[in-house]
Amino acid sequence: MEPLKVIVTGPVGAGKSTLIRTLSETEVVDTDAVATEAIGKATTTVALDHGTLRLDGQLLHLFGTPGQDRFDFMWEILSKGALGILLMVRADRPKTIPAARNILDFVVSRTPVPHVVGVTHLDQPRVWQPEEIALFLGTPLERVVGFDPRKPEEAARPLARLLELIGTESV
Ligand SMILES: Nc1nc2c(ncn2[C@@H]2O[C@H](COP(=O)(O)OP(=O)(O)OP(=O)(O)O)[C@@H](O)[C@H]2O)c(=O)[nH]1
Ligand SMILES: [Mg+2]
């Protein structure tokens, strides 16, 4: 069966690299480097993450992007040939949601395939609810999935939703 390429994108700290580390059944390739800006964590992806996963009988190749927009040339490179987009957003950092919309517009304009929004950090004390994030991004609520990418039992949830969409529509 042809492997299916999915791009995992979104702003810094949303949990893109965490998701790929949690789910990958093959050794993950990552390119985390020490962050040169104050971003609330020690390292950041500077090129890509790669991992693979078998889900609902389908082999997925997950390509994680950097979150910082100074690496935006990688969004375009990594989205080539992708059949689905997982946009990850932190519920506890509403200030990053415009950046998330910018990334989504950028990727969808070049690679017009279905997307799902994965909302992370919902366990934090002050968060935007998935409904509010859906409204801001202009994404229908049924494509917005709250989950914790650190938890193996939850991490595949948005990808399962994305596979359903890829199976039923072209955009
Ligand atoms: N409390 C909490 N922490 C989370 C959750 N999801 C991810 N994290 C943590 O948030 C951080 C996310 O870091 P990364 O996975 O490096 O984020 P990233 O999206 O790859 O970031 P860049 O590569 O810098 O763009 C990690 O420390 C995770 O353990 C969540 O739902 N709740
Ligand atoms: Mg990363």
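Every number in this text was worked out from the coordinates using simple rules, so none of it is lab data. Because the structure is a prediction, the values reported are computed rather than measured. A quick note on method: Cβ atoms are made from the backbone with ideal geometry, for glycine too, and the neighbour counts reach across all protein chains shown.
Which entries in Lys80/Lys151; Lys5/Lys95; Lys16/Lys80; Lys95/Lys151 show an alpha-carbon gap greater than 20 Å? Table pairs above 20 Å Cα-Cα are Lys80/Lys151; Lys5/Lys95; Lys95/Lys151. For Leu4, nonlocal amide neighbours, meaning residues 5 or more places apart or on other chains whose placed amide H falls under 5 Å from its own, are Leu59, Leu60, His61. Just checking the listed ones, Glu37, Glu76, Glu25: in the Gaussian network model of the chain with Cα springs under 10 Å, the one fluctuating most is Glu37.
Here, the chain has an Rg and a Dmax of 14.5, 43 Å when only alpha carbons are counted. Rounded to the nearest 20 debye, the dipole magnitude of the range 4-168 is 160 debye, with +1 charges on Lys and Arg beta carbons, -1 on Asp and Glu beta carbons, and the Cα centre as origin.
Taking amide H as placed 1.01 Å from N in the peptide plane, Thr52 has its amide H under 5 Å from the amide H of Glu25, Thr26, Leu62, each at least 5 places away in sequence or on another chain. Selection among Val29, Gly167, Gln129 by position relative to the dipole of the chain gives Gln129 as farthest towards the positive end (Cβ unit charges, Cα centre).
Taking other Cβ atoms within 10 Å as a rough exposure proxy, Leu104, Leu165, Leu159 sort from fewest to most as Leu165, Leu104, Leu159. Each 5 Å bin, from zero up to the one with the longest distance, holds this percent of the alpha carbon pairs of the range 99-145: 5, 19, 29, 25, 14, 5, 2, 0.
Across Ser109, Ser17, Ser79, mean-square fluctuation computed from a Gaussian network of the chain (C-alpha pairs under 10 Å connected) peaks at Ser109. If both residues of a DSSP beta bridge must be in the chain, then about 40% of such bridges are antiparallel. Looking at the P(r) of the range 1-47, how many percent of alpha-carbon pairs lie beyond 11 Å? The answer is 73 percent, as a whole percent. Taking amide H atoms as placed 1.01 Å from N in the peptide plane, the amide H of Gly67 lies under 5 Å from those of Thr45, each 5 or more residues away in sequence or on another chain.
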